[in-house]
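Let me begin by presenting the structure, written as structure tokens, before commenting on it.
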Amino acid sequence: MRALTEAEVRAAFVNADADELRAMEMPHDFLLVDWDYLDFFAWRDPGVGKRGYVLIQHEGSVTGAVLRASEPGRQRNGMCNICHTMQPGNQVVLYAARRAGEAGHRGDSVGTYLCADLSCHDNVRLAHPLAPNEIRAAGQVDQRLDGTRRRMEAFVTRVWSEG
């Protein structure tokens, strides 16, 4: 991703109203973000625990979506639909995003299960443990990174698309 200023971040959200943008808190380490390392940028709002944000760069422009988290509380393990990482049930939650435009004003939303702390970008980079006689395939991590990026882009595209 290209480096963004706080003003550019706030201007990128397609499903946020003026009050949400005004109340948005940037992550504490925003000034230290290594943008070259990121395929997308996601964080939980430090001030509003159930609110999260995700930004993607697609075809040269940056688009963002405001997310709302459900209560975790699941007892079984769950899988994040973006990074495909299995997690304990309380670490995967349903995030919903109000759709952009008229659809959002009518109350339409889209949702998916994500890592509760929105750490998908980092989780996909963790290598899965191998069995003693198993070999890691060349390019396996790159394939996981590409898949995670594509799935996050598809989710954000569903937020701003017409239907």
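Each reported figure results from applying straightforward, stated rules to the coordinates on display, with no laboratory input. Model, not experiment: these values are computed from the prediction. Please note: Cβ atoms are built from the backbone with ideal geometry, for glycine as well, and neighbour counts cover all protein chains shown.
Have a look at Met24, Leu118, Tyr95 and report the one farthest towards the positive end of the charge dipole of the chain, computed about the Cα centre with Cβ charges (Lys/Arg +1, Asp/Glu -1).
Tyr95
Counting Lys and Arg as +1 and Asp and Glu as -1, what is the net charge of the other residues whose Cβ lies under 14 Å from the Cβ of Ile82? If you can, show how the numbers build up before the last one.
Values: positive: Arg125, Arg144, Arg149, Arg150, Arg151, Arg158; negative: Asp39, Asp117, Asp122, Asp146, Glu153.
Summing Lys and Arg as +1 and Asp and Glu as -1 gives +1.
Let me make sure I get this right: for region 1-42, a, b and c are the square roots of the gyration tensor eigenvalues over alpha carbons, sorted descending. Under 1.5 in a/c it's rounded, otherwise prolate if a/b > b/c, else oblate. Which is it? Please list the in-between numbers first.
Working: a/c = 2.45, a/b = 1.71, b/c = 1.43.
Judged from the Cα gyration tensor, region 1-42 comes out prolate (a/c at least 1.5, a/b above b/c).
Enter the Cα centre distance for the pair region 73-112 and region 3-69, rounded to the nearest angstrom.
Spelled out, the Cα-based centre of one part sits 17 Å from the other.
Compute, for the chain, the length of the dipole vector about the Cα centre, with Cβ point charges of +1 (Lys, Arg) and -1 (Asp, Glu) only. Units Debye, rounded to 20.
560
Looking at the chain, what % of its DSSP beta bridges pair antiparallel, to the nearest 5?
Details: 24 of 25 bridges.
Looking only at bridges with both residues in the chain, the antiparallel portion is about 95 percent.
Could you tell me the largest-minus-smallest coordinate of the C-alpha atoms of the chain on each of the three principal axes, in descending order and whole angstroms?
55, 37, 33
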